[in-house]
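Student: What follows is a single structure, and I will ask about it in a moment.
The values are calculated or read from the model by the stated rules, or taken from the named source; none is laboratory data. All values derive from a computational prediction rather than experimental measurement. As a convention, Cβ positions derive from the backbone with ideal geometry for all residues, glycine included, and neighbour counts pool all protein chains shown.
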Amino acid sequence: MQLFRFANSAFLYLLLLLPVMILLWILNERRKRKALRKFGNTDLVKKLMPEYSAVRPGLKFFFSLLAMGLIILVLARPQFGSKLEEVKKQGVEVIIALDVSNSMLAEDIQPDRLTRAKQALNRLIDKLENDRIGLIVFAGDAYTQIPITTDYISAKMFLSSISPEMVPKQGTAIGSAIALGMRSFTPGEDKSRAMIIITDGENHEDDPVAAAEEAARAGIVIHTVGIGSVEGVPVPLSVGGRKDYLKDHEGNTVITKLDEETLKKIAVSTSGTYVRAGVTSIGLDEVFNEIRKMKKQDLESKMYTEYNDQFRIFAIAALIFLIAEFLIMDRKNRKLADIKLFRYKI
């Protein structure tokens, strides 16, 4: 079994130049025929130019076009995979549960809680090597944003687009996030599995401690990161282009406070770590160090590791077409036209 690829696939975009060149050539030919008709009858003009050839310029252009296309393929470096190797990697599975409720827009941590959490997670993902990562967002409900994967680039891409608008039901359902995280890990025993919950801890929907105890029985370690101030701050909103603050049904300004006690209980019940986010650091470095201490599990993946370049045949074909284009003249050769291989008497 072989796998084909282009080592420098970005060069393939140059193939878009070929249809543009064809269009320009067609327009130029029409312009030349139009100019030729101005001199008089086309057949008569052609007789006055016995060396004129209507086929040769087109053939030269066709060969040039083929040569250019083949040169682009050479630059892209076509390759065939020749060896299938099974690579065993060791790591842990980590699911991040990020609170995206409106309270995460509070600005007690600049620029706001959610933005700082996303920035810290972005740096955490850069540190991962062989681990699998998943991403859950939650407010009043919990949703899987990224299933468990080793595709860190996609994880960072989806992370950048997270906002409170993506979860229609507001609130803070930490228990739902834990339950969804338990279902999101790869099934099997003796797995190294950890969750990181980043939230202000104001749970309004369920019993997160009970959910954490169930996760502990499944062998899942939960680390919690509390983000926000204990004193509490209002939640900013943009109303009609001006800044306002979130209010309750009675018109009072909502004050969001960090609930450290709940987050500590969740972490302790699963032998995890609680970290309070500070002004200069969210605290994920400490959490990452704890995850690194966990027993690594084998994560198997198959990939093609050896590739053979196959550009030579394209380079040879391009050279042949360039030589052919060079040898073909735009006009008929009068001396060659006088050569008669077969003579007939009339």
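Student: When both residues are 6+ apart or on different chains and their Cβ atoms are under 9 Å apart, which pairs have a first residue that lies in the range 143-168 and is assigned by TED's automatic domain parsing to the domain that holds residue 187, and a second that is of a type in the set (Asp, Glu) and surrounded by 15 or more Cβ atoms within 10 Å (Cβ to Cβ)?
Tutor: So the pair list comes out as 148/93; 150/131; 167/141; 168/141.
Student: Moving on. Filtering the range 150-169 down to residues that are of a type in the set (Val, Ile, Thr) and farther than 15 Å from residue 97 by Cα, which residue is nearest to the chain's Cα centre (by Cα)?
Tutor: It comes out as 153.
Student: Moving on. So is residue 232 among the small types (Gly, Ala, Ser), surrounded by 15 or more Cβ atoms within 10 Å (Cβ to Cβ) and in contact with a Phe, Trp or Tyr (Cβ under 9 Å, 6 or more places away or on another chain) or not?
Tutor: Here the answer is no, as residue 232 does not meet what is asked.
Student: Right, something else. Being at positive phi and in contact with a Lys or Arg (Cβ under 9 Å, 6 or more places away or on another chain) is the filter here; which residues of the range 226-274 pass it?
Tutor: Once the filter is applied, which keeps residues that are at positive phi and in contact with a Lys or Arg (Cβ under 9 Å, 6 or more places away or on another chain), the range 226-274 yields 228, 232.
Student: For the range 69-81, how many residues are part of a helix (DSSP H, G or I) and either in contact with a Leu (Cβ under 7 Å, 6 or more places away or on another chain) or of a type in the set (Phe, Trp, Tyr) (or both)?
Tutor: So the answer is 3.
Residue-wise test of (1) more than 27 Å from residue 175 (Cβ to Cβ); (2) part of a strand (DSSP E or B).
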residue	(1), (2)
103	no, no
120	no, no
130	yes, no
137	no, yes
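Student: I'd like to check something: does the range 70-93 contain any residue that is surrounded by 11 or more Cβ atoms within 10 Å (Cβ to Cβ), over 27 Å from the mean Cα position of the chain (by Cα) and modelled with pLDDT of 90 or more?
Tutor: yes
Student: Further question on the same structure: Where in the range 210-329 are there helices (runs of 4 or more DSSP H), lying fully within it, with 3 or more residues that are at pLDDT 90 or above and under 30 Å from the mean Cα position of the chain (by Cα)?
Tutor: 284-292
Student: For residues that are among the basic types (Lys, Arg) and under 25 Å from residue 92 (Cβ atoms), scanning just the range 164-208, find the one that is surrounded by the fewest Cβ atoms within 10 Å (Cβ to Cβ).
Tutor: 183
Student: So which residues in the range 105-118 are within 14 Å of residue 226 (Cα to Cα) and assigned to a loop (DSSP other than H, G, I, E, B)?
Tutor: 106, 108, 109, 112
Student: Shifting gears a bit: Hey, among the residues in the range 127-149 that are under 24 Å from residue 89 (Cα atoms) and acidic (Asp, Glu), which one's surrounded by the most Cβ atoms within 10 Å (Cβ to Cβ)?
Tutor: Looking at residues that are under 24 Å from residue 89 (Cα atoms) and acidic (Asp, Glu), I get 131.
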